[in-house]
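Report on the following structure.
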Amino acid sequence: MPSVVPALLETIRPVFRSCHETTTTLAGIIPQDEVWKWKELWTAPLRAAVFSVVMACFLTDGTLAPLGAVAEQLGSTSAFSWNFVVMYAQI
């Protein structure tokens, strides 16, 4: 692995942490039975975030991140919030 990759990975970790507030807010304001109505608003950005977490994990240790780890990295703490992230991880 080139020597710049670990330093680059450390620079993106704060970006993942910044997703926590957004994920929590979205999961808190959207009724659980109405996610389908609003999903087009955040599908692309959330998919990009999920991809970034998976890629960072792969570059770190050569494995793919499990869904639970992706949800945790993006700040999912409640069951609905976790399902919210997992739903977009599988798209």
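Points to keep in mind about this one:
- Residue that is surrounded by the most Cβ atoms within 10 Å (Cβ to Cβ) [pool: residues in the stretch 17-60 that are modelled with pLDDT of 85 or more and more than 10 Å from the chain's Cα centre (by Cα)]: Ala56
- Inter-residue pairs, beta-carbon under 8 Å, first aromatic (Phe, Trp, Tyr) and in the stretch 33-60, second modelled with pLDDT of 80 or more, 6+ apart: Phe58/Leu64; Phe58/Ala65
- Failed criterion for Val85 (all others in (1) at pLDDT 80 or above; (2) within 12 Å of the chain's Cα centre (by Cα) hold): (1)
The values are calculated or read from the model by the stated rules, or taken from the named source; none is laboratory data. None of these values were measured; they are calculated from a predicted model. Ideal geometry is used to build each Cβ from the backbone, glycine not excepted, and the neighbour counts take in all protein chains shown.
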